[in-house]
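Heads up: the structure comes next, in structure tokens.
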């Protein structure tokens, strides 16, 4: 029966022991840093969930879907399709920019413009006036009358004050009012199908 010298066995055990110690240290390092990455990812995921605004998301989807029910003047059917947001709502801006990165209106690329004032040099297809800028509706209606801009608001009563579409909440659900007369006055061709989905106010 062959047997290894005691010194050889000792050396092998020592080598194996060193390897095992090194392996344990590496495993410990990996697990410790993996745990940190997992925590970081979980924190980021939680933060994204916390920042998610379902109302903003819903309104952004509505705005995009409205494009199916209107026809803009021929001269506005080239170049980018511009949605101008007047007022302040970072969540709305974020959702619209996310949408613009992956959506188009026909062959037109979506472009989002955010302003706190009325930019008469801009030729937007949709003007979305946020709640905090509602007082600017009259100015917008005057300056963009007949120029092919669909005016959308989100404050009670504004569909009767010049807006073509006005977001409202009914029984905790997102709805919208539609004033066809105001849409036509804005220079748009309209589809009666939208009335089926909307709360008509004219």
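Here are a few things to note about the model shown:
- Boolean, residue 82 is crowded, with 19+ Cβ neighbours inside 10 Å and not in a helix (DSSP H, G or I): yes
- Under the condition of being surrounded by 13 or more Cβ atoms within 10 Å (Cβ to Cβ) and in a helix (DSSP H, G or I), the residues counted in the range 85-109 number 10.
- Residues within the range 153-182 that are within 18 Å of residue 73 (Cα to Cα) and either in contact with a helix residue (DSSP H, G or I) (Cβ under 9 Å, 6 or more places away or on another chain) or at pLDDT below 95 (or both), tallied: 3
Table: residues versus (1) at pLDDT below 95; (2) in contact with a strand residue (DSSP E or B) (Cβ under 8 Å, 6 or more places away or on another chain); (3) assigned by TED's automatic domain parsing to the domain that holds residue 135.
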{"residue": "43", "(1), (2), (3)": "yes, no, no"}
{"residue": "61", "(1), (2), (3)": "no, no, yes"}
{"residue": "69", "(1), (2), (3)": "no, yes, yes"}
{"residue": "85", "(1), (2), (3)": "no, yes, yes"}
{"residue": "100", "(1), (2), (3)": "no, yes, yes"}
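- Every test in (1) free of Cβ contacts under 8 Å to residues at least 60 places away in the same chain; (2) more than 19 Å from residue 130 (Cα to Cα) is passed by residue 72 save one, and that test is (1).
The values are calculated or read from the model by the stated rules, or taken from the named source; none is laboratory data. Quantities reported herein were computed from a predicted structural model and do not represent experimental measurements. Neighbour counts are summed over all protein chains in view; Cβ atoms, including those assigned to glycine, are modelled from backbone coordinates with ideal geometry.
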